[in-house]
Amino acid sequence: MTQLVLSTVRQKAHWSDWLGRAFLVLVLLVLLAFLAAPLLAILVQALQDDQGRYAGLANFLAYARTPTLLASLWNSLWVSAMVTVIVIPMAFVFAYALVRACVPGAGVLRAVSLIPLLAPSLLSAISLIYWFGNQGVLKEFLTALGVSQIYGAVGVVIAQCFSVFPHAVMILVTALSLADARLYEAADALGTGALRKFFTITLPGAKYGLISAALVTFTLVITDFGIPKVIGGNFNMMATDVFKLVIGQQDFAKGAVVALLLLAPAVFSFGVDRYVSRRQTAMLTARAVPLVPKPALWRDRLLLAYCLLVSALMLAMLGMAVFASFASFWPYNLAPSLQHYRMGLVDGAVAEGFVNSLKMAAGTAVLGTVLVFVSAYLLEKTRGLDLLRGPVQMLAIVPMAVPGLVLGLGYIFFFNEPGNPLQGLYHTMTLLTLCTIVHFYTTGHLTAVTALKSLDAEFEAVSASLKVPFYKTFWRVTVPICTPALIDIARYFFINAMTTISAVVFLYSPETKVASIAILNLDEAGDMGAAAAMAVLIAAISATATGLFALLGGWAGRKTQAWRRR
């Protein structure tokens, strides 16, 4: 009925409709220029020789004949698999305690589990070095376990577990939150034991969440650059190989080959996730009864003890970085001082990097939120240009399957091409901002689409019948109702822009160096204390920004969401 009204009222396109279509074309051009073209440039580079001539599969064959590169491929695969096997059960139990048990302080425990999201991934690697490195506090404990040093595979695995844990927890909390109490009531009526209920109801119900969490974990580990760079030592992985080949050896052909190999597991994971999601059945129907956990003394105590242990490990990782950042001269003089902060901000010239990071994060939050939400609105709530809608929707989902390291490498090949009219953007803050927006585009897009799908299309139908331009409906109705989603999208863009490394590691210049990259440079120079201090500062800024966004959300909620309150 709504579609009939829209088609009947506006047989001729209003000038505002043409404005919307023009913006949709602009979105398509942006995604083509800043996503599709860089990825195509990687493929072209992988098929060319040093002289720019077509080489077919010669670069791939050369890669296959290089034992060290093949060893890096194997290292990346087995480390990613091991981290996945460790993290998923740990995250599942933690999420189960938060959602399906009566654990006191669940909100605080969940907040603590999300701490790694506020800092660059290499913070965990720096903390591990202070805990178990050559001059670490617990080096003897590591030796007693039969491990000679933390540098290498052991350190990478432990640091990655800390870094990706919150991602798995968020997915599994969502999966376990959807449950129909009637299934458990029926099982209780039949006398089913707790263990059998777990394996026949809980696990099958969370199957999609478990698969998604495993795929996300595997992809994040295999494509991460910061952790293996800081604590990997001589243990090579594909992410560090790309950096060495492109920046160190200027071997762009092999670098492109490794980038395509890095893209393969991400694309595979994305495909599997999409396939599983199509087969997923709804856990909550219109007649479903929400599951309310019932207290169970010993179960809740055990789960609380487990959550406290995991939270203590999280706080210990962050706490060591904070402590080391204030230690005067590790490990000989642990008196607190600000010399590492002074060394990083002044001597290491990281203060300019923080300014650049804040500029990039603010630009990403504002421009990214506008681009994502307006494009999602045009796709969901307007009509016309049907041939372009499919490509725009497909390109909006593609960034989820593209690692930041691969995207950054594609930007080198595409925007550094002499004949490219967009070459002037290379090494500019504008390009870093656009790269970050594209890197994290999909999550923002899906958030916006979810919010927009909850709005009845009758709003647009009534506006069309009254000949009200779509942009007035958008500004006066859609934006106020979707304000919470807009703030969530902006916060997501800001935090990720502050902490990202892999997406911009190839693109900065001395004038546009951001704080997260400056930390890598400090670590390479041996200034571990200053690197820890700068990582702590990024975490502090991210935490402050999160609090400010929460305050903004509360204020906006009172102004725009009063209709929700009875």
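The values are calculated or read from the model by the stated rules, or taken from the named source; none is laboratory data. The shown structure was predicted, so the numbers you read here are calculated from the model rather than taken from an experiment. Counting neighbours? That spans all protein chains shown, and the Cβs are built from the backbone with ideal geometry, glycine included.
Cβ-Cβ distance below 8 Å, separation of 6 or more or different chains: which pairs start in segment 334-351 with a residue that is closer than 13 Å to Asp523 by Cα and end on one that is assigned to a helix (DSSP H, G or I) and hydroxyl-bearing (Ser, Thr, Tyr)?
His340/Ser325
Would you mention how many residues in segment 78-89 are surrounded by fewer than 16 Cβ atoms within 10 Å (Cβ to Cβ) and over 16 Å from Gly155 (Cβ atoms)?
Going through segment 78-89 one residue at a time, the tally reaches 3.
Between residues in segment 487-499 that are within 15 Å of Ala451 (Cβ to Cβ) and residues that are outside any helix (DSSP H, G or I), which pairs lie under 9 Å by C-beta distance while being six or more apart or on different chains?
Tyr492/Phe440
Table: residues versus (1) within 15 Å of Gly404 (Cα to Cα); (2) outside any loop (DSSP other than H, G, I, E, B); (3) modelled with pLDDT of 85 or more; (4) over 23 Å from the mean Cα position of the chain (by Cα).
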position	(1), (2), (3), (4)
Lys472	no, yes, no, yes
Phe494	no, yes, yes, no
Lys513	no, no, yes, no
Leu522	no, yes, yes, yes
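Give me the residue from segment 284-297 that is touching a helix residue (DSSP H, G or I) at 6+ places or on another chain (Cβ under 8 Å), hydrophobic (A, V, I, L, M, F, W, C) and surrounded by fewer than 17 Cβ atoms within 10 Å (Cβ to Cβ) and, out of that set, modelled with the lowest pLDDT.
By that ranking, first place goes to Ala288.
I'm told Pro331 meets every condition in (1) loosely packed, with under 15 Cβ neighbours inside 10 Å; (2) part of a helix (DSSP H, G or I) except one. Can you identify the failing condition by its number?
(2)
Tell me, please, whether a residue that is crowded, with 21+ Cβ neighbours inside 10 Å, at pLDDT 65 or above, hydroxyl-bearing (Ser, Thr, Tyr) and assigned to a helix (DSSP H, G or I) can be found in segment 436-446.
Looking through segment 436-446, at least one residue is crowded, with 21+ Cβ neighbours inside 10 Å, at pLDDT 65 or above, hydroxyl-bearing (Ser, Thr, Tyr) and assigned to a helix (DSSP H, G or I).
In segment 126-161, which residues are among the small types (Gly, Ala, Ser), farther than 20 Å from Ala543 by Cα, assigned to a helix (DSSP H, G or I) and modelled with pLDDT of 90 or more?
Ala153, Gly155, Ala159
Considering only segment 542-566, state which residues are in a helix (DSSP H, G or I) and at pLDDT below 80. Step through it out loud before you land on a result.
In the first step, residues of segment 542-566 are kept if they are in a helix (DSSP H, G or I); the result is 542-560, 562-564.
Answer for segment 542-566, where residues must be in a helix (DSSP H, G or I) and at pLDDT below 80: Ala556, Gly557, Arg558, Lys559, Thr560, Ala562, Trp563, Arg564.
For Gly191, all conditions in the list (1) touching a Lys or Arg at 6+ places or on another chain (Cβ under 8 Å); (2) without any contact (Cβ under 8 Å) to a residue 40 or more places away in the chain hold save one; what is the number of the exception?
Going through the list (1) touching a Lys or Arg at 6+ places or on another chain (Cβ under 8 Å); (2) without any contact (Cβ under 8 Å) to a residue 40 or more places away in the chain, Gly191 breaks only (1).
Which condition number in (1) over 30 Å from Leu172 (Cα atoms); (2) in contact (Cβ under 8 Å) with a residue 60 or more places away in the chain is the one that Phe94 fails?
Of everything listed in (1) over 30 Å from Leu172 (Cα atoms); (2) in contact (Cβ under 8 Å) with a residue 60 or more places away in the chain, Phe94 misses just condition (1).
Would you please list the contacts, defined by Cβ atoms under 7 Å and residues six or more apart or on different chains, that run from a residue in segment 148-164 that is within 25 Å of Thr500 (Cβ to Cβ) to a residue that is among the hydroxyl-bearing types (Ser, Thr, Tyr)?
Ala159/Ser124; Phe162/Ser124; Ser163/Ser121; Ser163/Ser124; Val164/Thr217
For segment 379-411, give me the residue count where each residue is assigned to a helix (DSSP H, G or I) and either over 18 Å from Leu35 (Cβ atoms) or touching a His at 6+ places or on another chain (Cβ under 8 Å) (or both).
Total meeting the criteria: 9.
Checking the structure you have, find out if any residue of segment 228-246 is of a type in the set (Phe, Trp, Tyr), outside any strand (DSSP E or B), in contact with a helix residue (DSSP H, G or I) (Cβ under 8 Å, 6 or more places away or on another chain) and at pLDDT below 80.
Within segment 228-246, none of the residues are of a type in the set (Phe, Trp, Tyr), outside any strand (DSSP E or B), in contact with a helix residue (DSSP H, G or I) (Cβ under 8 Å, 6 or more places away or on another chain) and at pLDDT below 80.
Here is a yes/no grid of residues against (1) in contact with a helix residue (DSSP H, G or I) (Cβ under 7 Å, 6 or more places away or on another chain); (2) outside any loop (DSSP other than H, G, I, E, B); (3) at pLDDT below 85:
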{"residue": "Val257", "(1), (2), (3)": "yes, yes, no"}
{"residue": "Ser269", "(1), (2), (3)": "yes, yes, yes"}
{"residue": "Val272", "(1), (2), (3)": "yes, yes, yes"}
{"residue": "Val276", "(1), (2), (3)": "yes, yes, yes"}
{"residue": "Arg301", "(1), (2), (3)": "no, yes, no"}
{"residue": "Leu309", "(1), (2), (3)": "no, yes, no"}
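Please verify whether segment 412-419 includes one or more residues that are touching a His at 6+ places or on another chain (Cβ under 8 Å) and part of a helix (DSSP H, G or I). So that I can check it myself, show each step before the final result.
Of segment 412-419, the ones touching a His at 6+ places or on another chain (Cβ under 8 Å) are none.
Scanning segment 412-419, I find no residue that is touching a His at 6+ places or on another chain (Cβ under 8 Å) and part of a helix (DSSP H, G or I), so the answer is no.
Identify, by number, the condition in (1) over 18 Å from Leu522 (Cα atoms); (2) surrounded by 17 or more Cβ atoms within 10 Å (Cβ to Cβ) that Ala321 doesn't meet.
With (1) over 18 Å from Leu522 (Cα atoms); (2) surrounded by 17 or more Cβ atoms within 10 Å (Cβ to Cβ) applied to Ala321, the lone miss is (1).
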